[in-house]
Amino acid sequence: MDTYGVGDIGYGFIGKVHTYAHQTMRYYYEPVPLRTRLVGVCTSRRATADAAKEHGGFDFATDDPAEILTREDIRIVHICTPNDSHARLVMEALRAGKAVYCDKPLCLSAAEAVEIVAALEHHPVPNQMTFHNRFVPATLRAQQLMASGALGRIFHYRAQYLHAGYIDPERPMSWRMDLERSGGGALYDLGSHVIDLMRWLAGEIRSVRAELPTLITSRPVAKGSAERRVVKVDDIALLSVRTDEAYGLIEASRLATGANDALRFEIHGENGALRFDSEEPSWLHHYDGRRPSGDLGGDVGYTKIECVQRYPAPASWPGPKFAPGWLRFHVACLHEFLSSIAEGRQAEPSLLEGARTQMVLQAALDSAAAGGNEVEVAQAGVALS
């Protein structure tokens, strides 16, 4: 089995998560689909790069992404940087012939997404987005049920991704609150995840009406500073969407008091319904409307499906009976990518899927700018072919 050298560009929170997934893959999957070695890590400053090298166990450190992209012993590149550099780094990695594993969102705009899709046609390298919520056992089971037609025609859904980390008005500015660097607030940070998940489960989103309010309109430029800067990104994203056959409501918030990392959805169809809450990740709730009713209710009601850690083989550790965790979903996401390389197939969700989600994000931005008018996703920026 070949060993693939890995280069990480970015080693903040999510860069550490990607590195952890490589380091622990051999525990969760036996055999591993592909052997990897952590060769290089790049951050914006040499001091932090050197610290990342020691922390993650990389062979070398640099503050120049070109050193990662031009090394012959690096075949897989992780893009874990702030959003504004994603498009440039993805394009450079594609041209260098590297396998690309990119954190969300794919880029900042629909125009950048189309440019990346065009580049993929000329540089068809292995590629994947880290939409890890597709790799929760309960959401995998939900997709299985949806694909089987268990719910029949879908009428509507409601989905939320809620955090509470930005409630304090004294939380200082960061790149996530800088419009030019992030592209958006809760919409890009959390909405990208839940939009991808609902596209996967309930079908392509064709149009969007959106409100993107900013409720905390200024923040300190640094911790404890008296100087404040105007915040131009959304604290809350409220989307009303249409698919080919259904309607949906999508909410993303970084001001959701009482929430930790709460991704929730309900999907309602003519024959049944599904319900999931990431703060109870072991369970998927399924309502089968075809079960017989009768006195005292008969067999009608939600069934609580015990998904826990029932990943398919070769997942082997710690076993199916144990409650899953957030980092485990990232390991499963990376396993899909490594498996796709070993098997010579396209991984899912691909960068194309990231581009399609980007078109929905763009439609939401355009709708909010137009006062909440409905915007067709195909008309948001430049349409994908």
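Taking the criterion of being of a type in the set (S, T, N, Q) and closer than 15 Å to Val136 by Cβ, the residues of segment 267-288 that qualify are Ser278, Ser282.
Of all the residues in segment 24-49, those that are touching a helix residue (DSSP H, G or I) at 6+ places or on another chain (Cβ under 8 Å) and either free of Cβ contacts under 8 Å to residues at least 60 places away in the same chain or under 18 Å from Cys80 (Cβ atoms) (or both) number 8. The residues listed here are Leu108, Leu89; of these, the one that is crowded, with 21+ Cβ neighbours inside 10 Å, touching a Ser or Thr at 6+ places or on another chain (Cβ under 9 Å) and assigned to a helix (DSSP H, G or I) is Leu89. Scanning segment 121-146 for residues that are over 17 Å from the mean Cα position of the chain (by Cα), assigned to a helix (DSSP H, G or I) and surrounded by fewer than 18 Cβ atoms within 10 Å (Cβ to Cβ) yields Glu121, His122, Gln144. Residue pairs whose Cβ atoms lie under 7 Å apart, separated by 6 or more positions or on different chains, with the first residue in segment 246-265 and closer than 18 Å to Thr214 by Cβ and the second among the hydroxyl-bearing types (Ser, Thr, Tyr) and modelled with pLDDT of 95 or more, are Ala252/Tyr161; Arg254/Tyr166; Leu255/Tyr166.
For every residue, the table says whether it meets (1) more than 22 Å from Cys307 (Cα to Cα); (2) without any contact (Cβ under 8 Å) to a residue 24 or more places away in the chain; (3) assigned by TED's automatic domain parsing to the domain that holds Asp288; (4) in contact with a Cys (Cβ under 8 Å, 6 or more places away or on another chain).
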site	(1), (2), (3), (4)
Ala99	yes, no, no, no
Pro105	yes, no, no, no
Arg141	no, no, yes, yes
Gln144	no, yes, yes, no
Ala147	no, yes, yes, no
Asp168	yes, yes, yes, no
Ser192	yes, no, yes, no
Ile195	yes, no, yes, no
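The single condition among (1) β-branched (Val, Ile, Thr); (2) farther than 30 Å from Pro312 by Cβ; (3) buried (at least 23 other Cβ atoms within 10 Å of the Cβ) that Val6 does not meet is (2).
Kindly evaluate Lys53 against the criterion of being at pLDDT 95 or above, outside any strand (DSSP E or B), basic (Lys, Arg) and crowded, with 22+ Cβ neighbours inside 10 Å. So Lys53 fails the test.
Here is a check on your reading of the model: is Ile216 at negative phi and surrounded by fewer than 17 Cβ atoms within 10 Å (Cβ to Cβ)? It is true that Ile216 is at negative phi and surrounded by fewer than 17 Cβ atoms within 10 Å (Cβ to Cβ).
Checked against (1) touching a strand residue (DSSP E or B) at 6+ places or on another chain (Cβ under 7 Å); (2) in a helix (DSSP H, G or I), Cys333 meets all criteria but (1).
Does at least one position in segment 367-377 carry a residue that is assigned to a loop (DSSP other than H, G, I, E, B), loosely packed, with under 15 Cβ neighbours inside 10 Å, modelled with pLDDT under 95 and more than 21 Å from the chain's Cα centre (by Cα)? Checking segment 367-377: not a single residue is assigned to a loop (DSSP other than H, G, I, E, B), loosely packed, with under 15 Cβ neighbours inside 10 Å, modelled with pLDDT under 95 and more than 21 Å from the chain's Cα centre (by Cα). Residues of segment 150-202 that are among the hydroxyl-bearing types (Ser, Thr, Tyr) and farther than 15 Å from Ala246 by Cβ: Tyr161, Tyr166, Ser174, Ser182, Tyr188, Ser192.
Out of segment 220-236, which residues are aliphatic (A, V, I, L, M) and touching a strand residue (DSSP E or B) at 6+ places or on another chain (Cβ under 9 Å)? Steps first, answer last, please.
Filtering segment 220-236 down to residues aliphatic (A, V, I, L, M) leaves 221-222, 226, 230-231, 233, 236.
Passing the criteria: Val221, Ala226, Val230, Val231, Ile236.
Evaluate the following for Ala66: is it farther than 20 Å from Tyr11 by Cβ, outside any loop (DSSP other than H, G, I, E, B) and at pLDDT 95 or above? No. If you check Ser218, Ser174, Ser225, Ser192 for being closer than 30 Å to Ala138 by Cα and among the polar types (S, T, N, Q), only one passes: Ser192. Just one of (1) touching a Phe, Trp or Tyr at 6+ places or on another chain (Cβ under 6 Å); (2) hydroxyl-bearing (Ser, Thr, Tyr); (3) in a loop (DSSP other than H, G, I, E, B) fails for Thr257. It is (1). Remark: pairs (first residue in segment 294-323, in contact (Cβ under 8 Å) with a residue 40 or more places away in the chain and within 17 Å of Pro281 (Cα to Cα); second residue in a loop (DSSP other than H, G, I, E, B) and of a type in the set (Lys, Arg); Cβ separation under 9 Å; 6+ apart in sequence or on different chains) = Val308/Lys321; Gln309/Lys321; Arg310/Lys321. Among residues of segment 297-323 being in the same structural domain as Tyr287 (by TED's automatic domain parsing), in a loop (DSSP other than H, G, I, E, B) and on the phi > 0 side of the Ramachandran plot, the one that is modelled with the lowest pLDDT is Gly298.
Which of the residues belonging to segment 1-29 are of a type in the set (D, E, K, R) and modelled with pLDDT of 95 or more?
If we filter segment 1-29 for residues that are of a type in the set (D, E, K, R), which is where we start, we get 2, 8, 16, 26.
Matches in segment 1-29: Asp8, Lys16, Arg26.
The values are calculated or read from the model by the stated rules, or taken from the named source; none is laboratory data. The shown structure was predicted, so the numbers you read here are calculated from the model rather than taken from an experiment. Note that we place each Cβ from the backbone using ideal geometry, even for glycine, and neighbour counts take in every protein chain shown.
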